[in-house]
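First comes the structure, then the notes that go with it.
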Amino acid sequence: MRKLNIAIVGLGNIGSYLFKFLNKNKKFLTEKNNCVPVIKYVSAKNKKKKRKIKIKSDQWVNNYLDLTKLKDVDLIIELIGGCEGPAKKLVFNALKNKKHVVTANKALIAKYGDKLSKIAEKNKVNLEFEAAVCGGVPIIRSLKEGLIANKISKIYGIFNGTSNYILSTMDKQNKSFNFVLNKAKDLGYAESNPSTDLNGDDVAAKLKILSSLCFNSFLNHNIYVEGIKEIDRNDIDNANKLGYKVKLLGYAEKINNKIYQRVHPTLIKKSSYVAGIDGVLNAVIVEGKPVGQSTIQGEGAGPSATTSALVSDISSILRGNIKFPFSLSEKERKKIKYSTIDERLFAAYLKFEVLDKPGVLSNITSVFSKNKVSIERLVQNPDKGKKISTIIIITYNTKNKYLKRIINEITKKNFIKKKPKLIRIDNN
């Protein structure tokens with residue numbers, strides 16, 4: 001029977017889990033794919049590090065880049081991480097030397113996916129990255145194969161388990177942002193430095209990849225990104241009173257032949273499907289024709305979920321399928337116009353903490369009037385003891401640029417006690 005020699009580079013939690021899984025399930029995977037997966041070599045930064053896996057002496061390669069030149073390596077699995085340095089060198093060199101590549105590296109694919117895809121296509125090898133987006137949610141293969149008949153108009157959802165855990169736990173346990181963040185670190189849901197999760201960059205990288213697949217376009221970095229660091233308990237309480245939940249959502253949508261990509265905290269109706277996705281779960285919703293709306297949810301991260309995605313990619317290569325990394329060849333992918341969200345219409349929640357004195361409310365509403373933004377609902381909560389007041393305004397649909405203009409204008413007022421807040425609303 002055919003054999004496929006595999007090299008795993010990076011032996012952290014995911015690399016070690018995958019190593020064990022492939023060894024334990026070798027017979028099962030051979031039967032499923034009519035090809036034997038053989039872990040020929042491994043490499044990692046620190047050979048002496050204690051690991052719960054048994055590596056044979058002849059499997060270890062000190063210089064990971066040597067693997068790209070060895071004739072008895074067919075497939076390289078990159079689990080180093082990061083879009084520069086070793087990961088970049090490894091994947092570029094592997095594809096140039098006609099090795100198949102499987103990676104879980106969203107940052108690398110989001111930044112260099114177009115260049116890497118071109119090299120893979122030229123050398124007739126596979127570049128697979130199911131594990132780079134939403135872990136155990138098989139969205140990449142669904143877009144490439146399962147939904148291939150569809151003309152997709154929109155993809156959105158919860159693409160980051162860390163931020164979703166923080167927001168849903170703040171809500172359910174009535175705890176502060178910092179308290180829940182520390183708990184997420186203790187449970188292993190957040191890295192020691194979770195900045196890319198909290199500032200929206202993790203979701204942005206995933207969304208760029210999904211956009212490209214949905215709209216058959218090249219990767220585009222015109223994307224609005226806002227994270228969850230400014231969301232506090234008060235916002236979550238206000239959202240509940242107004243009939244909403246707060247979620248960090250990523251959206252890519254095609255409107256009048258323009259693509260809009262955005263990542264930001266969003267108020268969504270409690271009755272909506274996405275509002276019920278809590279903890280570290282991810283959910284991806286695809287809208288297209290003829291399928292209508294299709295939803296996939298599952299574990300977004302962790303060794304077991306990521307291994308599920310990695311093995312899906314490995315199995316595709318075991319079967320001998322050579323595919324274009326982004327479904328189409330480079331010649332057929334399009335350069336579609338990606339636009340800023342300035343002209344997009346949103347309803348919004350705006351919160352102002354102000355001095356409690358006469359004339360403040362009329363001053364604020366006059367700024368809305370001047371910018372032609374209509375107010376649907378206004379709530380004022382005075383704190384007489386502190387002589388401050390919280391004003392919450394829900395707007396009707398208006399252009400994003402007008403909402404930002406209002407925030408910028410009111411921020412400069414001398415009666416403002418705290419930086420005003422804007423959260424967009426999705427009423428669908």
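Coordinate-derived values only; no laboratory data. A quick note: this is a predicted structure, and the numbers were derived from the prediction, not measured. Neighbour counts are summed over all protein chains in view; Cβ atoms, including those assigned to glycine, are modelled from backbone coordinates with ideal geometry.
Listed by Cβ neighbour count within 10 Å, with the fewest neighbours leading, LYS247, LYS372, LYS151 appear as LYS372, LYS151, LYS247.
With θ taken as phi - 60° and the Karplus curve 6.51 cos²θ - 1.76 cosθ + 1.60 applied, the whole-hertz 3J(HN,Hα) list for region 277-290 is 8, 10, x, 8, 5, 10, 9, 10, 10, 10, 10, x, 10, x Hz, x standing for glycine and proline. Annotation: the residues HIS100, HIS264, HIS221, sorted from fewest to most other C-beta atoms within 10 Å of their own C-beta, follow the order HIS221, HIS264, HIS100. Sequence-ordered 3J(HN,Hα) estimates for region 94-111 from the Karplus curve with 6.51, -1.76 and 1.60 and θ = phi - 60° stand at 4, 5, 5, 9, 6, 9, 5, 10, 10, 9, 10, 9, 5, 4, 5, 5, 5, 8 Hz, glycine and proline given as x.
Quick one: which of LYS20/LYS144; LYS106/LYS421; LYS401/LYS421; LYS24/LYS206 span more than 20 angstrom between C-alpha atoms? Those over the limit are LYS20/LYS144; LYS106/LYS421; LYS24/LYS206. Per-residue Cβ neighbour counts within 10 Å put VAL311, VAL280, VAL225 in the sequence VAL225, VAL311, VAL280, beginning with the fewest.
Ordering of 336-343, 73-80, 187-194 by packing is 73-80, 336-343, 187-194, highest average first (other Cβ atoms within 10 Å, averaged per residue). You can think of it this way: the chain between SER271 and ALA149 has 40.9 nm of extra reach, that is 0.36 nm per residue less the Cα-Cα gap.
Of all the options LEU378, LEU207, LEU143, the one that moves most in a Gaussian network model of the chain with Cα springs shorter than 10 angstrom is LEU378. Working from label points 7 Å from Cα in the Cα-to-Cβ sense, the ARG233 to ILE53 distance is 4.3 nm. Excluding same-chain neighbours fewer than eight residues apart, the aspartates and glutamates reachable from LYS71 by a Cα-Cα span under 18 Å are ASP58.
With helices as the sole contributors, the chain gives -10000 deg cm²/dmol at 222 nm; each DSSP H run of n ≥ 4 counts as -39500 (n - 2.57), and the sum is divided by every residue.
Across the alpha-carbon set of region 345-426, the Rg to Rh ratio works out to 0.95, Rh being the Kirkwood radius.
In region 3-132, the ratio of gyration radius to Kirkwood radius, Rg to Rh, stands at 0.94 when only Cα atoms are counted. Within region 342-428, the chymotrypsin sites (Phe, Trp or Tyr not before Pro) that combine a DSSP coil assignment with at most 16 other C-beta atoms in a 10 angstrom radius are TYR396. Label-to-label distance, SER366 versus ARG2, with points set 7 angstrom from Cα along the beta-carbon direction: 7.6 nm. Over what distance in Å are the Cα centres of region 284-319 and region 323-398 separated? Measuring centre to centre over Cα atoms gives 33 Å.
The calculated FRET efficiency for LYS124 paired with ASN23, based on their beta-carbon distance and R0 = 30 Å, is about 0.55.
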